[in-house]
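For reference, the structure is listed below as structure tokens.
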Amino acid sequence: MTIDSHDRDHRSDASTPEAPSPASSEGAAKAPRADKAAGRRAFMGVAGSLAVGGVLAGSPGVARAARGRGVDDLLDGIESLRRDPRASPLDHELRLRALRVRVAAAVDQFEAPIAPHPDNGDEERYPSKIGTDTRGLPHDERGEVDPDAYRAAARAHASREWDDFEAIPLGGTRKLVNPIGTLAASLTGTTPVQIGVPPAPALASAQKAAEAVEVYWKALLRDVPFESYAGSGDVADAIEEIDRLSGYTGPRDGGRVTLETVFRGSVTYADPRDRSGRTARHVVPPGVLDGPYISQFLLRDIPYGPQVIGGAIRTALPGNDFQTDPAEWLAVQNGLNPTRSIAYDPVRRYISTGRDLAEYVHGGGPLFWGAALLLGAARSANPGVPGGVAAPLSPTNPYLTSATQASAAATFALGYLQGLLPLGTSRAIRAAYWQKWFVHRSLRPEAYGGLVHHRLANDALEYPLHEDILGSLAVELTFDAFGSYLLPQAFPEGAPLHGSYPGGAAAIAGVNATLLKAFFDEDHVIDDPFVPDPADPTRLVPYSGPPLTVGGELNKLATNYAFGRNWAGIHWRTDAAASLALGEQVAISLLRDERRTFREPFEGFTFTRFDGTRITI
């Protein structure tokens, strides 16, 4: 993997502002009423100028001034109003410092510019909106959206108002997923508009066709165990076809798609050298190509105090495929609830197939919370008792060198990290869903499959699909197996009712994996890795192969969760890849805000990004 030199060893300056020397409590008790009135006027004047005339008006100069005399005046005014004569000087200092940190963090976040948000042009390009996600609205028999319903949805997208979304006519009983929630003001971390992703591949492009060929192959190969790929002729056919695709952006080895790279994860960044935001940069995260397909963090039993969360999961039986019948497919596009359900295997087993992984990510398991528990737990001396990975904390953790103090849930310990993980999830979803609803509204794979079906089965020549998908062996084999060209879905309901790009689950993966890498030693080698027994996936056997590190397996966990949704047929490669980068950026913004709150002597969070570069926050 080639890494640009200008990205290496980037250090983010997030030093904490110094608090001023507090006034004594005795002085506060004697403050005259006139001083309080003057303080109130100073506070209201400075706050008004910052909120209306400066910061919110977008003036960088005023924003910079807000960290100087303007904020000092603001704080002085507040303190003259609210100084508690009963408080000690140190208590007063702590309260004042908290206010200074909050204001400085808010101003710093505001100063980050709004990112460019280019889309792929499909919504404007096609009057019938065949390149736009319209699922949940009423459609005609070919799956094309009702024009009046689309116009109502477009009004809501433009206004971003609750009442306009309430006025959208739905085609069934399922509801649109959380559009207004993306507009909540985040008090920690960045805002969605400040993170950019490249545009999704256009409907008629070679890249969209390549990603479609890949998900068709994944649907066909859901029941082939990962450990059996070397002996599968179908897998060999998939590798041969995907390797020929000019628009394929996934991992290659020496320019070729191989048994070791097929279906593995990748990450897509917006290239910062292109100010338009349109140029994508594709990378393979460190460790993703090493060893087994499935991360160690999805296989191991998780110690949870006196309990254990088992690594074996409930799986779907082979052949649970949905939306291959045009009537069933259309009902789901209209937002009707499915009439069929998944048949489950009564015996739990470890994740060993694409279908298993799809089922794991369907509802979500312990995932990154479980990974944190595994990383923090000691190894077991008893082979019959599950143990953890016993990963050291990050070398930058200040408590590693303290002679007298230990960390706890307040800062720098596992309990503190466990508080950040769900916060990161919420903020990543805000960022990803904002892009879904208010920028891209990108077509889901299941809807694209409808275009493929009507083009090939019903001569819908007006659907401008690329020749790579129309002539695909995977599409031909799908018709042979199911009697239609529709993309088989692993979930009866298909995808959630919002656009495909960027992926929400992948954004969660990006933010949480990054937070974990910031807190633990990424270079630690996992001493006792396992894989499912190829002959009996209800048990694990020792893995032998290249060393597996904490950082590499966290990257693999992130790509497993993100690309597991692709195994289900509900997301594209770009959805997962770009969202991992988006989630990473959300994590960086959260860590930057957290960094400035600490009082410990701390040099910053240092970790490896998905592109292999090192960063210190």
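The values are calculated or read from the model by the stated rules, or taken from the named source; none is laboratory data. Just so it is clear, the model here is predicted, and its values are computed rather than measured. Neighbour counts are summed over all protein chains in view; Cβ atoms, including those assigned to glycine, are modelled from backbone coordinates with ideal geometry. We work out accessible area using only protein heavy atoms, side chains counted, and drop any ligands, DNA or RNA first. Shrake-Rupley method; radii C 1.70, N 1.55, O 1.52, S 1.80 Å.
From the P(r) of the range 400-557, can you give the percent of Cα pairs sitting at distances over 28 Å? Write down the numbers at each step before the final one.
On the way: 6489 of 12403 pairs.
Considering the range 400-557, 52 percent of its Cα-Cα pairs are separated by more than 28 Å.
Fully extended, how many nm does the chain gain between SER128 and ASP533 (0.36 nm per residue separation, minus their Cα-Cα distance)? Intermediate results must be reported in sequence, preceding the final value.
Values: separation 405, 0.36 × 405 = 145.80 nm, distance 5.02 nm.
Length difference between fully extended and current span is 140.8 nm.
Once the Cβ-Cβ distance between GLU260 and LEU90 is put in as r, and R0 is 56 Å, what FRET efficiency do you end up with, to the nearest 0.05? Let's see the in-between values first.
Working: r = 59 Å, r/R0 = 1.05.
Given R0 = 56 Å and the Cβ-Cβ separation, E is 0.45.
Whose amide H sits under 5 Å from the amide H of GLY291, counting only residues 5 or more places off or on another chain, with H placed in the peptide plane?
Counting only residues 5 or more places away or on other chains, the set is empty.
What are the ³J(HN,Hα) couplings of the range 603-617, residue after residue, when phi is run through the Karplus curve with 6.51, -1.76, 1.60 and θ = phi - 60°? Round to Hz, x for glycine and proline.
Once rounded to whole Hz, the list reads 7, x, 7, 10, 7, 9, 6, 4, 8, x, 7, 9, 9, 10, 9.
Roughly to the nearest percent, how much of the accessible area of the range 471-528 is carbon and sulfur, given a 1.4 Å probe? Working shown, then result.
Working: 670 of 1340 Å².
For the range 471-528, the apolar C and S fraction of the accessible surface comes to 50 percent.
Would you kindly derive the ³J(HN,Hα) couplings of the range 499-516 from the backbone phi angles with the Karplus curve 6.51 cos²θ - 1.76 cosθ + 1.60 (θ = phi - 60°), listing them in order in whole Hz, with x for Gly and Pro?
Running phi through 6.51 cos²θ - 1.76 cosθ + 1.60 with θ = phi - 60° gives x, 6, 10, x, x, x, 4, 5, 5, 4, 4, x, 6, 6, 4, 5, 4, 5 Hz.
Do you know the relative contact order of the chain, to the nearest whole percent, from alpha carbon pairs under 8 angstrom that are 6+ apart?
Working: 1164 pairs, mean separation 129.2, N = 617.
For the chain, the relative contact order is 21 percent.
Considering the alpha-carbon set of the range 276-344 alone, what are its Rg and its Dmax in angstrom?
Rg then Dmax for the range 276-344, in Å: 20.0, 53.
Checking the table LYS129/LYS556; LYS175/LYS218; LYS175/LYS556; LYS436/LYS556 against a 31 Å threshold on Cα-Cα, which pairs fail? Spell out each step's value before the answer.
Numbers: LYS129/LYS556 36 Å; LYS175/LYS218 28 Å; LYS175/LYS556 33 Å; LYS436/LYS556 25 Å.
Listed pairs above 31 Å: LYS129/LYS556; LYS175/LYS556.
Roughly how many Å² of ASP301 are accessible to a 1.4 Å probe, to the nearest 10?
Approximately 50 Å² of ASP301 is accessible to the 1.4 Å probe.
How much length is gained on full extension from ALA230 to THR401, taking 0.36 nm per residue of separation minus their Cα-Cα distance?
Details: separation 171, 0.36 × 171 = 61.56 nm, distance 4.82 nm.
56.7 nm is the gain from fully extending ALA230 to THR401.
I'd like to know which of ALA410, ALA230, THR353 lies farthest towards the positive end of the charge dipole of the chain, counting +1 on Cβ of Lys and Arg and -1 on Cβ of Asp and Glu.
Of the candidates, ALA410 comes out farthest on the positive side.
I'd like the carbon and sulfur percentage of the solvent accessible area for the range 135-291, probe radius 1.4 Å, heavy atoms only, ligands and nucleic acids excluded. Can you show the working numbers first?
Values: 3320 of 6800 Å².
Accessible surface attributable to carbon and sulfur in the range 135-291 totals 49 percent.
Within 10 Å, count the other beta carbons around each residue, average over each peptide in 195-202, 150-157, and list them highest first.
Working: 195-202: 25.2, 150-157: 17.9.
Sorting 195-202, 150-157 by mean packing, highest first, produces 195-202, 150-157.
Using the scaling law 2.2 N^0.38 Å as the reference, what is the normalised Cα Rg of the chain?
Values: Rg = 26.5 Å, N = 617, 2.2 N^0.38 = 25.3 Å.
The value comes to 1.05.
Tell me, what is the percent relative contact order of the range 549-617, built from C-alpha pairs under 8 Å that lie six or more residues apart?
Details: 38 pairs, mean separation 15.7, N = 69.
Over the range 549-617, the number comes to 23 percent.
On full extension of the chain, what length is gained from LEU461 through PHE598, given 0.36 nm per residue of separation minus the C-alpha to C-alpha distance?
On the way: separation 137, 0.36 × 137 = 49.32 nm, distance 6.17 nm.
Value of the extension gain: 43.1 nm.
With a 1.4 Å probe and every protein chain left in place, tell me how much accessible area PHE605 has, in Å² to the nearest 10.
Estimated to the nearest 10 Å², PHE605 gives 0 Å².
Can you give me the accessible area per residue for the chain, using a 1.4 Å probe, in Å²? The partial results should precede the final answer.
Details: 25710 Å² over 617 residues.
Per residue, the chain has an accessible area of 42 Å².
Using a cut-off of under 17 Å, list every residue of the range 352-380 whose amide N is near the label point 7 Å from the Cα of VAL541 along the Cα-to-beta-carbon line.
Label zone hits: 352-353.
Which distance in Å, rounded to a whole number, links the C-alpha centroids of the range 467-494 and the range 312-339?
After rounding, the separation between the Cα centres reads 14 Å.
Would you please give the FRET efficiency between ALA154 and ALA204, computed as 1/(1 + (r/R0)^6) with r the Cβ-Cβ distance and R0 = 22 Å, to the nearest 0.05? The partial results should precede the final answer.
Values: r = 22 Å, r/R0 = 0.99.
Efficiency at R0 = 22 Å is approximately 0.50.
Pop out the Kirkwood hydrodynamic radius of the range 91-244 from its pairwise C-alpha distances, inverse of mean 1/r, in Å to one decimal.
Working: mean 1/r = 0.0491 Å⁻¹.
Taking the inverse mean of 1/r over all distinct Cα pairs, the range 91-244 comes out at 20.4 Å.
Apply the Karplus parameterisation 6.51 cos²θ - 1.76 cosθ + 1.60, with θ equal to phi minus 60°, to every residue of the range 230-238 and state each ³J(HN,Hα) to the nearest whole Hz, in sequence, with x for glycine and proline.
For the range 230-238, the Karplus curve yields 4, x, 9, x, 5, 5, 4, 5, 4 Hz.
Based on alpha-carbon positions alone, could you give the equivalent ellipsoid semi-axes of the range 471-586 from the gyration tensor, as √(5λ), descending, whole Å? Don't skip to the answer; put the middle values down first.
Details: eigenvalues 187, 101, 25 Å².
Taking √(5λ) for each eigenvalue gives 31, 22, 11 Å, largest first.
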